[in-house]
Amino acid sequence: MSTQKISTQALHAGHDTTQTAGTRAVPIYQSSSYVFNNTEHAANLFSLKELGFIYTRLNNPTNDILQQRLAAIEGGVGAVVFASGTSAISTGLLTLLKAGDHIVASSSLYGGTFTLLNVTLPRLGITTTFVDASNPENFKDAVKENTRAFFVESLGNPKLDVLDLEAISEHSKTAGVPFIVDNTVASPALLNPIKHGANLVIHSLTKYIGGQGNSLGGAIIDAGTFDWTNGKFPEFTEPSEGYHGLVYSEALGAAAFTFKLILEGLRDFGGALSPFNAFQIIQGLETLPVRIKQHSANALELAKWLESREEVAWVNYPGLESSKYNSLAKKYLPSGQSGLVTFGVKGGFDAAKKLTDATELFSLLANIGDTKSLIIHPASTTHQQLTVEQQESAGVTQDLIRLSVGLEDIEDLKNDLEQALIKGGQ
Ligand SMILES: *Cc1c(COP(=O)(O)O)cnc(C)c1O
């Protein structure tokens with residue numbers, strides 16, 4: 001299986017049709033719980049002597065196929081799915097960390113993740129130093145004795161900064177902490193962070209993987225490469241009070257974190273993905289490799305067209321020669337740079353709002369990665385709760401408009417932006 005390419009894995013990995021009554025489509029197992037053969041079988045499942053399904057908060061056959069497929073595509077030893085990308089991030093961090101621990105994170109993050117790290121986790125005693133990720137040395141300089149994770153987005157939303165994952169991963173290795181990469185915007189069809197040193201990969205499945213804007217979901221893929229026995233993670237090497245004395249690193253080896261996420265993370269925080277949403281997300285994942293090529297091609301063409309318009313002050317797309325992330329994009333995103341484009345208009349904040357209101361084909365909403373084209377003005381919406389300085393370090397200038405370029409005909413997209421630029425852009 002592992003030698004297959006992503007287009008094949010996206011359609012087949014994890015689904016043995018002989019185990020699902022021959023159904024060619026992955027079926028929805030809409031059941032909260034599973035009948036045990038007898039009490040001994042039940043006891044064996046709870047003690048991990050046998051692996052099997054117990055309760056859908058922990059696992060479910062439809063979700064499990066999605067998990068195996070994501071693990072295959074990203075090159076991990078296991079994957080766990082969650083009710084949303086945010087649930088994946090919060091459950092992942094709360095399973096990994098405890099009060100007193102510290103994170104070094106890129107300052108260019110999805111707004112919700114930034115607030116989780118900046119406001120909510122500090123209430124629980126978990127603090128974060130945010131660094132300018134364009135210089136990998138900044139990660140090294142921010143490491144403290146209690147640092148336990150590095151957290152970045154491979155392609156930042158909405159700054160669209162491409163990070164030098166390999167350089168940052170070297171610093172995480174020296175610090176002895178897991179390197180966590182949110183790969184939502186790039187998608188596994190364009191970039192596999194594990195190949196560049198990531199230990200854990202996060203996805204909001206809501207975006208390109210689901211791809212149709214109809215279902216929330218999230219995932220963590222575990223590379224299985226992190227050494228939990230390095231002395232910094234006693235929760236993995238000492239008997240777990242939370243799971244009758246299980247020593248994760250001994251019992252589960254490379255899959256220690258995957259199992260801790262299920263046995264403690266999903267058990268205690270409860271952010272399970274609905275099997276119906278897993279089914280929808282599987283439908284999306286099957287066509288991700290073809291969709292993302294077209295998203296990328298449309299985005300590049302629209303970015304070039306915007307650069308030629310006189311109302312436009314600047315355009316940022318990693319695939320443009322003019323982008324300061326172009327050389328990193330050539331290394332990390334050689335087959336496409338995904339569907340997000342940002343640009344500013346000469347008229348600033350007010351003109352950006354006016355232009356956003358004037359689009360007709362682009363939908364004004366807070367999402368990305370839909371087949372339909374989307375537009376938003378982050379400074380007045382998704383990043384409104386941040387200070388102007390925090391907005392700037394997240395790459396959100398007052399005039400910035402973010403497009404999530406969909407699969408419509410490129411001429412129709414240009415026509416819509418053209419009339420909106422004429423009406424609002426100046
Ligand atoms: C949307 C998004 C999230 C959050 O995912 P939800 O499914 O909306 O909870 C996290 N990271 C990135 C980069 C995102 O774009």
Matching residues, segment 107-132, being free of Cβ contacts under 8 Å to residues at least 12 places away in the same chain and either within 19 Å of the chain's Cα centre (by Cα) or closer than 13 Å to GLN391 by Cα (or both): none
Of residues in segment 243-281 being more than 26 Å from VAL341 (Cα to Cα) and among the β-branched types (Val, Ile, Thr), the one surrounded by the most Cβ atoms within 10 Å (Cβ to Cβ): THR258
Condition met for LYS414 (touching a Leu at 6+ places or on another chain (Cβ under 9 Å) and closer than 30 Å to LYS293 by Cβ): yes
Output for segment 398-419, where each listed residue is of a type in the set (A, V, I, L, M, F, W, C) and either exposed (fewer than 15 other Cβ atoms within 10 Å of the Cβ) or touching an Asp or Glu at 6+ places or on another chain (Cβ under 8 Å) (or both): ILE410
Filter result (more than 16 Å from the ligand (Cβ to nearest atom) and under 14 Å from ALA133 (Cβ atoms)) within segment 180-195: none
Criterion violated by ALA351 - all others in (1) surrounded by 21 or more Cβ atoms within 10 Å (Cβ to Cβ); (2) more than 16 Å from the ligand (Cβ to nearest atom) satisfied: (1)
Residues that are among the polar types (S, T, N, Q), assigned to a loop (DSSP other than H, G, I, E, B) and away from the ligand (no atom under 16 Å from the Cβ), drawn from segment 145-173: ASN146
Conditions (1) at pLDDT below 95; (2) closer than 28 Å to GLN212 by Cβ; number of the one not met by LEU386: (2)
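Here is a yes/no grid of residues against (1) outside the structural domain of PHE236 (by TED's automatic domain parsing); (2) under 24 Å from the mean Cα position of the chain (by Cα); (3) under 30 Å from SER335 (Cα atoms); (4) part of a helix (DSSP H, G or I):
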| site | (1), (2), (3), (4) |
| --- | --- |
| GLY14 | no, yes, yes, no |
| ALA25 | no, no, yes, no |
| LEU66 | no, yes, yes, yes |
| SER90 | no, yes, no, yes |
Segment 389-406, residues that are of a type in the set (S, T, N, Q) and modelled with pLDDT of 95 or more: SER404
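The values are calculated or read from the model by the stated rules, or taken from the named source; none is laboratory data. Worth saying up front: this structure is predicted, and the values here are computed from it rather than measured. Neighbour counts run over all protein chains shown; Cβ positions are idealised from the backbone, glycine included.
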